[in-house]
Amino acid sequence: MTTDKKLENDQRNQLLEIIHNTLQNLAWENHKRSTELLKELDLTLPQGVVLGTLSGLGSRAKMSELIELIQISGGTLTGIVDRLITAGLVARERDEADRRVVYVSLTEAGTMKIQAVQQANRGQLNLWMTGFSNQELELFNTLLKKFVSAANSPPEDLPEYPELLKSYDLTGAESLRPTGPGQPEVGNMNEKDLPDKPLVSKEKSYD
């Protein structure tokens with residue numbers, strides 16, 4: 001590797017580290033603000049996620065769809081939905097043709113609640129972007145869309161993936177571990193290392 005190429009790679013790595021830290025700070029600030037905002041509207045963060053997901057799905061969805069999209073267990077979702085029903089924000093019903101299928105839908109009060117959340121989120125975004133000119137907003141949007149597109153793409157579709165793959169040992173138990181000096185060794189797991197009882201209990205299934 002030439003000196004110029006090494007300097008370019010070092011600079012890129014430094015920039016990526018800065019961006020990584022910035023994204024972490026942004027995620028943390030957004031989490032704090034979202035929690036505070038939802039608390040002001042008498043909602044918890046999980047309840048807000050369920051209401052927002054229902055709104056994005058046209059106000060009605062199967063329990064199984066919510067479980068898959070939100071990535072939580074059936075038992076956890078049931079508890080959240082129970083509390084939202086008590087608050088009058090959602091309704092739950094079974095499919096008349098197949099009683100195993102359970103639907104959750106926003107009530108009128110639930111729709112008004114999620115609209116209030118969305119309005120508050122837009123207000124927060126406007127506040128954060130106050131110092132940006134229209135040209136800066138256009139550039140920010142272009143770069144953000146490019147970033148989101150890359151994040152949503154399978155790794156093998158990215159042009160840098162073959163080179164990135166070379167820096168990882170993808171064989172056996174050491175899959176996805178970076179190789180090179182200073183990296184810890186990963187021992188092979190034997191059957192005796194497994195717990196006597198399953199770590200995950202069986203959850204009630206929803207169709």
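Any idea which residue in the stretch 88-106 is nearest to E68 (Cα to Cα), counting only those that are small (G, A, S) and part of a strand (DSSP E or B)?
S105
Are there any pairs with C-beta distances below 7 angstrom linking a residue in the stretch 60-82 that is closer than 12 Å to Q47 by Cβ to a residue that is exposed (fewer than 15 other Cβ atoms within 10 Å of the Cβ), with the two at least 6 apart or on different chains, and if so which?
As it stands, the answer is V81/R92, since those pairs meet every condition given.
Anything in the stretch 35-59 that is touching a residue at least 24 places away in the same chain (Cβ under 8 Å), part of a helix (DSSP H, G or I) and in contact with a Leu (Cβ under 7 Å, 6 or more places away or on another chain)? List them, or say none.
Scanning the stretch 35-59 gives L38, Q47, G48, V50, L51, L54, S55.
Could you tell me which numbered condition A120 fails, if it satisfies all but one of (1) surrounded by 14 or more Cβ atoms within 10 Å (Cβ to Cβ); (2) more than 21 Å from S34 (Cβ to Cβ)?
(2)
None of the figures in this text is laboratory data; all of them are computed from the coordinates on show. From a predicted model like this one, the values you see are computed outputs, not experimental measurements. FYI the Cβ positions are ideal-geometry reconstructions off the backbone, even for glycines, and counts take in every protein chain you see.
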